[in-house]
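Note sheet for the following structure.
Every number here is computed from the coordinates shown, using simple stated rules; none is lab data. Just so it is clear, the model here is predicted, and its values are computed rather than measured. Note that each Cβ is placed from the backbone with ideal geometry, even for glycine, and that neighbours are counted across all protein chains shown.
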Amino acid sequence: MRTVDLIQRKRNGEELSPEEITWLVESYSRGEIPDYQMSAFLMAVYFQAMTDHEVGAMVESIIASGERLDLSSVPGPKVDKHSTGGVGDKTSLIAAPLAAAAGVKVPMISGRALGHTGGTLDKLESIPGFRTNLSIDEFKDVLSRTGYAVVGQSDNITPADGKLYALRDATGTVESTALIAASIMSKKLAMGLDALVLDVKVGAGAFMKRQIDARRLAQLMTTIARRADLRAQALITDMNQPLGYAIGNALEIMEVSQTLQGAGPDDLAIISIELAARMIFLGKITATLEEARELAQNKLIDGSGFRKLKETIAAQGGNPQVLDRFELLPNATGAMEITSPRGGYVSAIDAEEIGLASAMIGAGRDTKEDTIDPAVGVILEVKVGQKIDAGGVLCRLYFTKEDRLQEAAERVEDAFRISATAPEPRELILEVVS
Ligand code: URA
């Protein structure tokens, strides 16, 4: 087989065979196909898409690049949750401990911040001592002991996804339904799950800007899951404005702590409880979804979700006291207020712009090699629909360096729309796909 022939055929809109897809992924993983050819192939996929068969072959070959975990030694239903990526999206850190407190085992494989979106691994690593590079044995041990363990994609688990994702991020080929589905589902299927809840984000701050594309992605991922005998449901949720008020790694850990203690923002709590409920229901802990919702809510109210997160933090080497004493988290050295130029209603907060501004001051990465500044980010003071006076504070930027602060502040200012009339309220959970 010649790589150039496969690139040309995909460029012309032809379907490649499973053998051809497998050969491409395997050869690229082994370093036998150079980045420039794989980039051209990915761009051809971006424009021409892939059939379900091609995506299926890609998923299988990415899984085969590493190990498939066998979690049969860990008793209980194994259920994970995955988001397609958003701004201020810290639902994993709330839904997973709630579900684990209800008896689900959550073997979570999470990602890092890329582009304007945040990553669960970076958020957790803002906790002093927290380790995300557990060996497979350590991972199983934490999962057995606490019911919730978190790792990243590694040399053992779907290494081909790590390589492909870095290349996609550098070549403008992230926003492809087929490639996102293959990337997410290969990681999830490698983890030996019984069920999976997907949170497909749609809107300004998501990779999928249109509901029709989000639906197609949700359908593709649930189809892949069904073919692999994995129970799965996908929620399509709004990502036009950031979720909650906090954007940035340590800042988001603080908001997770508040939410697990019943004092978090409504939008974040609503989506997190719904995701936890579906994890509980798909894990067959309850007979109905309604009972699962009640159970998830109770685990929030009685503080057991909060205690569960502390157990996992301690089991992975972190200091669980950070959830009570925020001064133990990395703290920014300066804060800059962004105020409203006029009075009115906040009619939009562009989540992508807020995510990019936050990344610009250090909360995210421009390239995979960049290091994160865990202390920095943005705290919103208003959400869409709220009234604001001229000169009222819209948000604060928390920073440790002033390098790109001004540029970030301008971006943040532009992200807010103020109108004379109140906007129509938007639904948070738009659709369920199963
Ligand atoms: N999350 C992933 O793991 N992969 C993607 O391609 C996009 C979001």
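Determine Rg/Rh for the stretch 330-419; Rg is computed over alpha-carbon atoms and Rh is the Kirkwood hydrodynamic estimate from the same atoms. Kindly include the intermediate steps, with their values, before the conclusion.
Details: Rg = 13.2 Å, Rh = 13.3 Å.
Using only Cα positions, Rg/Rh for the stretch 330-419 is 1.00.
What is the calculated FRET efficiency for residue 175 to residue 429, with r their C-beta to C-beta distance and R₀ = 25 Å, to the nearest 0.05? Before the final figure, lay out each step's value.
Values: r = 22 Å, r/R0 = 0.90.
About 0.65, to the nearest 0.05.
Using 1/(1 + (r/R0)^6) with R0 = 45 angstrom and r between the beta carbons of residue 321 and residue 53, what's the FRET efficiency to the nearest 0.05?
Values: r = 51 Å, r/R0 = 1.13.
FRET efficiency, residue 321 to residue 53: 0.30.
Only counting other Cβ atoms within 10 Å, I'd like 130, 399 sorted with the fewest neighbours first.
130, 399
Count charges around residue 305 for me, please; just the other residues with Cβ under 12 Å from its Cβ, Lys/Arg as +1, Asp/Glu as -1. Present the calculation step by step, with values, prior to reporting the outcome.
Working: positive: 299, 307, 308, 310; negative: 302, 311.
Counting the neighbours of residue 305, the net charge comes to +2.
Out of 232, 177, 249, whose Cα points farthest toward the positive end of the dipole of the chain (charges: +1 Lys, Arg; -1 Asp, Glu; placed on Cβ)?
Of the candidates, 232 comes out farthest on the positive side.
Could you work out the relative contact order of the chain, using alpha carbon pairs under 8 angstrom and six or more residues apart, expressed as a whole percent?
After rounding, I find 20 percent.
How many percent of the alpha carbon pairs in the stretch 79-326 exceed a separation of 22 Å? Don't skip to the end; give the middle numbers.
Numbers: 15077 of 30628 pairs.
Cα-Cα pairs in the stretch 79-326 separated by more than 22 Å: 49 percent.
Just need log10 I(q)/I(0) for the stretch 233-308 at q = 0.11, 0.26 Å⁻¹, Debye formula, equal scatterers on the alpha-carbon atoms, no solvent, rounded to two decimals.
Listed by q, the Debye log ratios stand at -0.29, -1.22.
Do the sum for the chain: with -39,500 (n - 2.57) for every DSSP H run of n ≥ 4, divided by all residues, what is the mean residue ellipticity at 222 nm, to the nearest 500 deg cm²/dmol? Walk me through the numbers on the way to the answer.
On the way: 16 runs with 192 residues, N = 434.
So the calculated ellipticity at 222 nm is -13500 deg cm²/dmol.
What is the dipole size for the stretch 3-48, taken about its Cα centre, with +1 at each Lys and Arg Cβ and -1 at each Asp and Glu Cβ, in debye to the nearest 20?
Roughly 160 debye, rounded to the nearest 20.
What trypsin sites (Lys or Arg not before Pro) does the stretch 276-367 have in DSSP loop regions with at most 13 other beta carbons within 10 Å?
Here the trypsin sites (Lys or Arg not before Pro) that fit, given the DSSP loop and packing criteria, are 325, 342.
Using all Cα-Cα distances in the chain, what percent lands in each 10 angstrom bin from 0 up to the longest?
Distribution as computed: 5, 22, 32, 26, 12, 3, 0 percent.
Can you list the GluC sites (Glu not before Pro) in the stretch 1-41 that are in a DSSP coil and have 14 or fewer other beta carbons within 10 angstrom?
Counting only loop positions with at most 14 other Cβ atoms within 10 Å, the GluC sites (Glu not before Pro) in the stretch 1-41 are 14, 15, 32.
With respect to the cross-link table entries 163/284; 209/308; 187/401; 201/387; 90/387; 163/188, which display a Cα-Cα separation exceeding 24 Å?
Numbers: 163/284 36 Å; 209/308 34 Å; 187/401 36 Å; 201/387 26 Å; 90/387 26 Å; 163/188 17 Å.
Violating the 24 Å limit, Cα to Cα: 163/284; 209/308; 187/401; 201/387; 90/387.
By the scheme Lys and Arg +1, Asp and Glu -1, what is the net charge of all other residues having a beta-carbon under 12 Å from that of residue 138?
Within the 12 Å Cβ shell, the charges total +1.
For residue 227 and residue 8, compute 0.36 nm times the residue count separating them, minus their Cα-Cα distance, and round to one decimal in nm. Mind showing how you got there, number by number?
Details: separation 219, 0.36 × 219 = 78.84 nm, distance 2.95 nm.
Taking 0.36 nm per residue and subtracting the Cα distance, the gain is 75.9 nm.
Could you run the Karplus curve 6.51 cos²θ - 1.76 cosθ + 1.60 with θ = phi - 60° over the stretch 328-334 and give me ³J(HN,Hα) per residue in whole Hz, x for Gly and Pro?
7, 8, x, 10, 5, 9, x
Got a sec to turn the phi values of the stretch 110-120 into Karplus ³J(HN,Hα) couplings, 6.51 cos²θ - 1.76 cosθ + 1.60 with θ = phi - 60°, whole Hz, x for Gly and Pro?
Result, rounded to whole Hz: 10, x, 9, 4, 9, x, 8, 9, x, x, 4.
Output wanted: per-residue J couplings in Hz (rounded whole) for the stretch 203-212, from phi through Karplus 6.51 cos²θ - 1.76 cosθ + 1.60, θ = phi - 60°, x for Gly and Pro.
The phi angles translate into x, 4, x, 10, 5, 8, 8, 10, 4, 5 Hz.
Which ordering of 367, 171 is given by a fewest-first count of other beta-carbon atoms within 10 Å? Kindly include the intermediate steps, with their values, before the conclusion.
Details: 367 9, 171 16.
Fewest-to-most Cβ neighbours within 10 Å comes out as 367, 171.
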